[in-house]
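Student: The structure follows.
The values are calculated or read from the model by the stated rules, or taken from the named source; none is laboratory data. No experiment lies behind these values; they were computed from the predicted model shown. All Cβ positions, even for glycine, are placed from backbone atoms using ideal geometry, and neighbour counts span all protein chains on display.
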Amino acid sequence: MNRLLVILCAIALLTACTWVRVTPEGENVRLLTQRQAANCTRVGTTTSVTTDRVLFFPRGSEKVQTELVDLARNEAGLMGGNAVVAESTVADARQQFIVYRCP
């Protein structure tokens, strides 16, 4: 019984955790709407991919979304951008973003 409880707690922790850390470059990148980015210069695009399952257990959609945005922010920082706009919805734990440089 104790072993089962430990396993269940470990799974709960794994499915709730976010594994992506925002890099120093990504810290300066904001998530904007298309309207907010109207006066910005398009730098390029990036696609974020993460996992939506741990073993056979689904991860929360909010955690997956947070990781996808953080991955996009990190990549945008490396590309010289300071903003990202979601270009697609989340599908199969992946999402496309447009990278912008805003004044």
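Student: Identify all residues within the stretch 55-103 that are in contact (Cβ under 8 Å) with a residue 60 or more places away in the chain and either of a type in the set (A, V, I, L, M, F, W, C) or touching a helix residue (DSSP H, G or I) at 6+ places or on another chain (Cβ under 6 Å) (or both); write none if there are none. Spell out the reasoning first.
Tutor: Here is the first cut: in the stretch 55-103, the residues in contact (Cβ under 8 Å) with a residue 60 or more places away in the chain are 98, 100-103.
Hits for the stretch 55-103 are Ile98, Cys102.
Student: Any idea how many residues of the stretch 83-103 are farther than 30 Å from Pro58 by Cα and surrounded by fewer than 20 Cβ atoms within 10 Å (Cβ to Cβ)?
Tutor: Going residue by residue through the stretch 83-103, those that are farther than 30 Å from Pro58 by Cα are 100-103.
Next cut, surrounded by fewer than 20 Cβ atoms within 10 Å (Cβ to Cβ) only: 101-103.
Going through the stretch 83-103 one residue at a time, the tally reaches 3.
Student: Of the conditions (1) in a strand (DSSP E or B); (2) among the polar types (S, T, N, Q); (3) at pLDDT below 95, Thr51 clears all except one; give me its number.
Tutor: Going through (1) in a strand (DSSP E or B); (2) among the polar types (S, T, N, Q); (3) at pLDDT below 95 one by one, Thr51 breaks only (1).
Student: I'd like to know if the stretch 75-98 contains one or more residues that are in contact with a Gly (Cβ under 8 Å, 6 or more places away or on another chain), more than 12 Å from Gly44 (Cα to Cα) and not hydrophobic (A, V, I, L, M, F, W, C).
Tutor: Checking the stretch 75-98: not a single residue is in contact with a Gly (Cβ under 8 Å, 6 or more places away or on another chain), more than 12 Å from Gly44 (Cα to Cα) and not hydrophobic (A, V, I, L, M, F, W, C).
Student: Can you tell me how many residues within the stretch 17-43 are surrounded by 11 or more Cβ atoms within 10 Å (Cβ to Cβ), more than 20 Å from Ser88 (Cβ to Cβ) and of a type in the set (Lys, Arg)?
Tutor: 0
Student: Looking at (1) surrounded by 15 or more Cβ atoms within 10 Å (Cβ to Cβ); (2) modelled with pLDDT under 95; (3) among the polar types (S, T, N, Q); (4) under 13 Å from the mean Cα position of the chain (by Cα), can you tell me which one Thr46 breaks?
Tutor: Failed condition: (2).
Student: Something else about it: Assigned to a loop (DSSP other than H, G, I, E, B), at pLDDT below 90 and more than 10 Å from the chain's Cα centre (by Cα): does that describe Thr18? First the steps, then the outcome.
Tutor: Working: assigned to a loop (DSSP other than H, G, I, E, B): yes; at pLDDT below 90: yes; more than 10 Å from the chain's Cα centre (by Cα): no.
Taking the combined requirement at face value, the residue does not satisfy it.
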